[in-house]
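Here is the structure we will look at.
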Amino acid sequence: MGDTIVAVATAWAPAAIGIVRISGPNALPLILTYWRGKPPRPRYAHFGAIHDENGTLLDQVILTYFPAPFSSTGEEVVEVACHGSLYILRRLVELLIAKGARLARPGEFTLRAYLNRKLSLDQAEAVADLIQARSAVAHRLALSQLTGKYYERVRQLRAQLIDLLALIELELDFSEEDVEFASRAQLEQLLESLRREIEGLLHSYRIGQAVREGIPVAIVGRPNAGKSTLLNALLAEERAIVSEIPGTTRDTVEERLVLGGYELRLIDTAGLRENPSDAIEAEGIRRAREKLRHAFLVLYVFDAAQESLAQAQAHAKLLLGMPPYPPILWVANKVDLLPALPIELQTHAIPIAAKERKGIDNLERIITEKIGEMGVDSEILLSHTRHYESFLRAKEAVEAALRLLREKGGSEILAEELRLAQAAIGEITGEITPDEVLGHIFSKFCIGK
Ligand SMILES: Nc1nc2c(ncn2[C@@H]2O[C@H](COP(=O)(O)OP(=O)(O)OP(=O)(O)O)[C@@H](O)[C@H]2O)c(=O)[nH]1
Ligand SMILES: [Mg+2]
């Protein structure tokens, strides 16, 4: 800290506007050496010009000055909106560096905001998530973390632990007198409810992560059923190779698709059959099964001109291997080849003709509905591995404390477990944070953020 940092805050591509951001004690004097215009008033947008060291016009710009501490980083901040030319942006950054500014490291602006208590650590992470969000649910999750709903919940959990800890510590202070401030039964009840709450959050991690990174949906079935054709139909592009030869898809093919506010990772797989023709196909089938296990939803595609729904389901049982598997949607393909649509396909399957893109809208609607039932819309979901690990440690400590209570263990070790639990949770919001954690979090940001 202490030095003045500069970076281009907008994407590195020619655009209508590009913004250079400066933060640190010398932000204003630095820019004023190149500024031709009125002396900037705090938080007013000023139209003026930037001239280089020789007095040559570089660009006409809009400059805004945010004095400390009322800025995004809590320091002196200047933002210069230029024409979004890569030459102009680079030159302006060079000019500022020539006068003593330093190029910001990835995430350094947000790091400073955190260090100046403008954001908690989980909120800083949410800034990165918000920028990366590609779907409505990912956007909502990041916003909930940024606006502090998640923070409130985490803070409450920690506050409860600290309250309990305070009671036990009070007892320790009066240990000579052998008093009990907290009834052991009540303590146990409180700890048990905390444990359940932490466990609930830990459970939400699988969904939270899928929301952030894309919800995996696997397309599986026998060779030639039309899986790749379906992938292409959903993506509306010829992504995977399609042919009449069974065993065309050998490796898994993965593509992202935003559907009904969710971002899906659609995974086309090698057709499943009992007797693969060679080792490569066998490996493809092994990978297909693995993808299937980790998916949130499976689209089991079968050729309705070749087999009935009952036959397909019997076959699927053999091919998919042992349960458990994710929820399955039975997708009856190639219904264009049927003289009439059997009633069972209308009621118990999803009839489509992938090649002609028939029935795709209906399938999309059902996929969206199914995913909506999985709890992805919840605003409080654990979505970061870092948070998951902290909560896991907190849960272990709470469980150890519970065991101690039940075994009538001493207050000292009980207090120690509670201390560990609250410290683990404190790391999430950044109330307690080792330096290496900070370095890791902010290195994942883009420069200028
Ligand atoms: N009539 C008809 N043919 C289809 C339809 N969908 C796919 N096909 C044809 O079925 C054949 C197999 O399609 P693919 O999409 O390659 O099948 P796959 O399930 O990916 O096959 P593998 O990759 O070998 O497992 C191709 O000749 C497609 O043109 C459909 O809705 N109707
Ligand atoms: Mg295929």
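Selection of region 315-332 for residues being in a helix (DSSP H, G or I) and either surrounded by 16 or more Cβ atoms within 10 Å (Cβ to Cβ) or in contact with a strand residue (DSSP E or B) (Cβ under 8 Å, 6 or more places away or on another chain) (or both) yields His315, Ala316, Leu319, Leu320. Taking region 132-159 as the range and being charged (D, E, K, R) and either crowded, with 21+ Cβ neighbours inside 10 Å or touching a residue at least 40 places away in the same chain (Cβ under 8 Å) (or both) as the test, the residues that pass are Arg134, Arg140, Lys149, Arg153, Arg155, Arg158. Here Asn232 fits the description: within 13 Å of ligand 2 (Cβ to nearest atom), more than 15 Å from Ile367 (Cβ to Cβ) and not aliphatic (A, V, I, L, M).
Results for (1) near ligand 1 (Cβ under 10 Å from one of its atoms); (2) open to solvent by less than 50 Å² (accessible area, probe 1.4 Å); (3) in contact (Cβ under 8 Å) with a residue 60 or more places away in the chain, shown as yes or no for each residue.
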position	(1), (2), (3)
Thr229	yes, yes, yes
Leu234	no, yes, yes
Arg239	no, no, no
Arg256	no, no, yes
Leu266	no, yes, no
Glu274	no, no, no
Arg289	no, no, no
His294	no, no, yes
Gln313	no, no, no
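Residues are listed down the side, and each one gets a yes or a no for (1) under 19 Å from Glu373 (Cβ atoms); (2) at pLDDT 95 or above; (3) assigned by TED's automatic domain parsing to the domain that holds Ile219:
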| site | (1), (2), (3) |
| --- | --- |
| Ala279 | no, no, yes |
| Ala288 | no, no, yes |
| Arg293 | no, no, yes |
| Leu297 | yes, yes, yes |
| Gly321 | no, no, yes |
| Leu329 | yes, yes, yes |
| Asp336 | no, yes, yes |
| Ile360 | no, yes, yes |
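Looking at Ile168, Ile162, Ile219, Ile198, just one residue is touching a residue at least 24 places away in the same chain (Cβ under 8 Å), surrounded by 14 or more Cβ atoms within 10 Å (Cβ to Cβ) and not assigned by TED's automatic domain parsing to the domain that holds Gln422, and that residue is Ile219. Being outside any helix (DSSP H, G or I) and either closer than 30 Å to His139 by Cβ or not charged (D, E, K, R) (or both) holds for only one residue in Glu369, Glu364, Glu379, Glu389, and it is Glu379.
The values are calculated or read from the model by the stated rules, or taken from the named source; none is laboratory data. The structure displayed is predicted, hence computed values, not measured ones. Cβ atoms come from the backbone with ideal geometry, glycine included; neighbour counts cover every protein chain shown. For the accessible areas, the whole protein counts, side chains as well, though only heavy atoms, and no ligand, DNA or RNA atoms are used. Shrake-Rupley method; radii C 1.70, N 1.55, O 1.52, S 1.80 Å.
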